[in-house]
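**Q** Take a look at the following structure, please.
The values are calculated or read from the model by the stated rules, or taken from the named source; none is laboratory data. Computed from a prediction, not measured in an experiment: that's the story for all the values here. Glycine gets a Cβ as well: all are built from the backbone with ideal geometry, and neighbour counts include every protein chain shown. For the accessible areas, the whole protein counts, side chains as well, though only heavy atoms, and no ligand, DNA or RNA atoms are used. Shrake-Rupley method; radii C 1.70, N 1.55, O 1.52, S 1.80 Å.
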Amino acid sequence: MAEPKKLFIKTYGCQMNVYDSERMAEALGGQGYEQTSSPEDADMILLNTCHIREKAAEKVYSELGRFKGLKAEKPDLKIGVAGCVAQAEGAEIMRRQPMVDLVVGPQSYHRLPELEARTRAGQKALDTDFPQEDKFEHLRSRPKAKRGPTAFLTVQEGCDKFCAFCVVPYTRGAEVSRPVERVVTEARDLVERGVREITLLGQNVNAYHGAGPDGADWSLAQLIWELDKVDGLERIRFTTSHPNDMTDDLIEAHGTCAKLMPYLHLPVQAGSDRILKRMNRAHTAESYVRLIEKIRAARPDILISGDFIVGFPEETAADFQSTMDLVAEVKYGSAYSFKYSTRPGTPAAERDQVPEAEKTDRLHRLQALLTTQQRAAQDKMVNKTVGVLFERPGRLPGQMVGKSDHLHAVHVADCTADAGTLAKVRIISSEANSLAGALIG
Ligand code: 5AD
Ligand code: SF4
């Protein structure tokens, strides 16, 4: 048998890319590739890239620069760029970095084996189409490799919202949902391989409307209830959601579906209605706050997480203060915040920009507030009993680490529970980025 070829994948950006990288590794597994963690050993290097902010995109070029030496030493090494930079820049990548052999956009991953073969034949391969077929159905899976206790599962891709700052509608295309049966089949397969928790992924996951077994379009809540029936699956999460797609059946599921975890990532981006309007968000600060109240009425202990952009074009000090006020009112359990980054081709790129120093100052102030809230939410867990799904041994001997229902990192010393066990843990103390606990019973 031929020696397996080695594949090194580096993943940037969001969880959808993490999932896509797994599926690409599986697809290339069918071509005789095994994954390696060192680029020096690789026969193929694949960068799965992110285009969401300028820095993320620039990283790709500096990383490619680093592989120049490797390529010179090993002319057979193939270098590929996948993901959203590949989609956005296409052939431009090969012009800027001629050593790149392959460029593949997120909707064309099922064509990867064919593209790889073309590079082996000494050709350049480029595919940034938006084909009609479900790429995941066409990505060949390797037979039943064992998996860790948690997994991502993409159920929806793309976005039709066109927020004025965002490249996603251009790089990932229009909203598409996978049919219910395919999702359930994949979930069952993951559970057979050892998975206990599945995070359903989509750029706009709560806009999910996949074809159900009855031929009608099913909502995300209906999909969740179907997954609730999968024996051995113990936890369900989903991300990322848009406030305007937070339907009543989904809110209700948060109150009644025991497998659906009490954590919701619901980005608002800004707290000023003027800015929200310019962002094309189609909701107000007030409607968002009312929505959070409704969700908390259904599931009082739910932990809310969000995304924020500071320094969006034309954002004044008063607009920024509205964001701070909204944060103070909502009280987030976790959050991600960013300085606005100009993205070519998006409407906001053309507008009056906020000076960099002002953006930096606003980001620091917002992050200080969010960090305090994050810590407070964590501290509130002390002396409570929480469910923890153990994932792996910790740094100390005998220690195990996992995630709580509320997605806090929890470590337990002298732990008798194995990875993949869901156990009740009493929280003893709250540390900078994690909780310490003890097994009950
Ligand atoms: N600049 C800064 N942050 C952005 N995001 C999306 N586009 C931009 C941009 N141009 C942030 C949003 C989004 C998260 C994934 O990234 O907050 O929710
Ligand atoms: Fe981007 Fe807005 Fe769509 Fe989210 S909802 S992916 S921020 S356009």
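**Q** If each residue of separation counts as 0.36 nm, what is the full-extension length gain between Arg426 and Arg95 once their alpha-carbon separation is subtracted?
**A** Computed gain between Arg426 and Arg95 is 113.5 nm.
**Q** For each cysteine in the chain, check whether another cysteine's C-beta sits under 4.7 Å from its C-beta; list those where none does.
**A** So far as the 4.7 Å Cβ criterion goes, Cys14, Cys50, Cys84, Cys159, Cys257, Cys415 stand without a partner in the chain.
**Q** For Glu58 and Arg375, calculate 0.36 nm times their separation in residues minus their Cα-Cα distance, and state this gained length in nm to one decimal.
**A** Length gained between Glu58 and Arg375: 110.9 nm.
**Q** On alpha carbon coordinates alone, what is the Rg over Rh value for the range 5-127, Rh being the Kirkwood radius?
**A** My calculation puts Rg/Rh at 0.91.
**Q** Which order do the peptides 167-180, 376-389 take when ranked by the mean count of other beta-carbon atoms within 10 Å per residue, highest first?
**A** Taking the mean over residues of other Cβ atoms within 10 Å, the ranking is 167-180, 376-389.
**Q** Please say if the range 298-376 is rounded, prolate or oblate, where rounded means a/c under 1.5 for a ≥ b ≥ c the square roots of the C-alpha gyration tensor eigenvalues, and otherwise the choice is prolate for a/b larger than b/c and oblate otherwise?
**A** prolate
**Q** Same structure, new question: Compute the Rg/Rh shape ratio of the range 139-379: radius of gyration over Kirkwood radius, all on alpha-carbon atoms.
**A** 0.99
**Q** Equivalent-ellipsoid semi-axes (√(5λ), Cα gyration tensor) for the chain, whole Å, largest first?
**A** Working through the eigenvalues yields semi-axes of 34, 29, 22 Å.
**Q** Holding the Cα-Cα limit at 19 Å, pick out from Lys161/Lys294; Lys10/Lys78; Lys6/Lys59 the pairs that are longer than that.
**A** Lys161/Lys294; Lys6/Lys59
**Q** If you take every DSSP beta bridge whose two residues both sit in the chain, what share of them, in percent to the nearest 5, is antiparallel?
**A** About 35 percent, rounded to the nearest 5.
**Q** Leaving out same-chain residues fewer than 8 places away, which aspartates and glutamates sit with a Cα under 19 Å from that of Lys384?
**A** Asp301, Asp405, Glu431
**Q** While we're looking at this one, here's another question. For the range 385-439, what is the charge dipole size about the Cα centre, in debye to the nearest 20, if Lys and Arg each add +1 at the Cβ and Asp and Glu each add -1 at the Cβ?
**A** Once rounded to the nearest 20, the dipole reads 20 debye.
**Q** Identify, among Pro113, Phe67, Val81, the residue whose Cα sits farthest towards the positive end of the charge dipole of the chain, taking +1 on the Cβ of Lys and Arg and -1 on the Cβ of Asp and Glu, with the dipole about the Cα centre.
**A** Sorting the options by dipole projection puts first Phe67.
**Q** Over the range 139-379, calculate the relative contact order: mean separation of alpha carbon pairs under 8 Å at least 6 apart, over the residue count, as a percent.
**A** Reported as a whole number, the value is 17 percent.
**Q** May I ask you to evaluate 6.51 cos²θ - 1.76 cosθ + 1.60, the Karplus curve with θ = phi - 60°, for each residue of the range 388-394 and list the ³J(HN,Hα) values in order in whole Hz, giving x for glycine and proline?
**A** For the range 388-394, the Karplus curve yields 10, 9, 6, 10, 6, x, x Hz.
**Q** Indicate, rounded to the nearest 5 percent, the antiparallel portion of the DSSP beta bridges found entirely in the range 385-439.
**A** 85
**Q** Please turn the phi angles of the range 182-197 into ³J(HN,Hα) values with the Karplus equation 6.51 cos²θ - 1.76 cosθ + 1.60 (θ = phi - 60°), one per residue in order, whole Hz, x for glycine and proline.
**A** 5, 5, 5, 4, 5, 5, 4, 4, 4, 4, 4, 8, x, 6, 10, 10
**Q** Name the aspartates and glutamates eligible as straight-distance cross-link partners of Lys403: C-alpha to C-alpha under 14 Å, and not fewer than 8 places from it in the same chain.
**A** The reachable aspartates and glutamates, counting only those whose Cα sits under 14 Å from Lys403, are Glu197, Glu234, Glu391, Asp418.
**Q** Could you work out what % of the accessible surface of the range 139-379 is carbon and sulfur, using a 1.4 angstrom probe and leaving DNA, RNA and ligands out of the count?
**A** It is 53 percent, rounded to a whole number.
**Q** Once fully extended, how much extra length lies between Glu34 and Thr342, figured as 0.36 nm per residue of separation less the alpha-carbon to alpha-carbon distance?
**A** Between Glu34 and Thr342, full extension yields an extra 107.1 nm.
**Q** Only four residue types carry charge here, +1 at the Cβ of Lys and Arg and -1 at the Cβ of Asp and Glu. Report the dipole size of the chain about the Cα centre in Debye, rounded to the nearest 20.
**A** 920
**Q** Can you tell me the dipole magnitude for the range 23-145 around its Cα centre, using point charges on the Cβ only (Lys, Arg +1; Asp, Glu -1), in Debye to the nearest 20?
**A** In total the dipole reaches around 160 debye.
**Q** Next question, about the same structure. Relative contact order of the chain: what whole-number percent is it, with Cα pairs under 8 angstrom and at least 6 residues apart?
**A** 10
**Q** Sorting check: for 261-272, 225-236, which peptide has the highest mean count of neighbouring beta carbons within 10 Å, and how do the rest follow?
**A** Sorting 261-272, 225-236 by mean packing, highest first, produces 261-272, 225-236.
**Q** Take the alpha carbon atoms of the range 304-441, find their radius of gyration, then divide it by 2.2 N^0.38 Å using N residues; give the quotient.
**A** Ratio of Rg to 2.2 N^0.38 Å for the range 304-441: 1.37.
**Q** Please sort 79-85, 13-19 by packing, taking for each peptide the average over its residues of neighbouring beta carbons within 10 angstrom, highest first.
**A** 79-85, 13-19
**Q** At what distance in nm do the modelled label points of Glu252 and Arg290 sit from each other, each positioned 7 Å from its Cα along Cα→Cβ?
**A** The two pseudo-label positions are separated by 2.0 nm.
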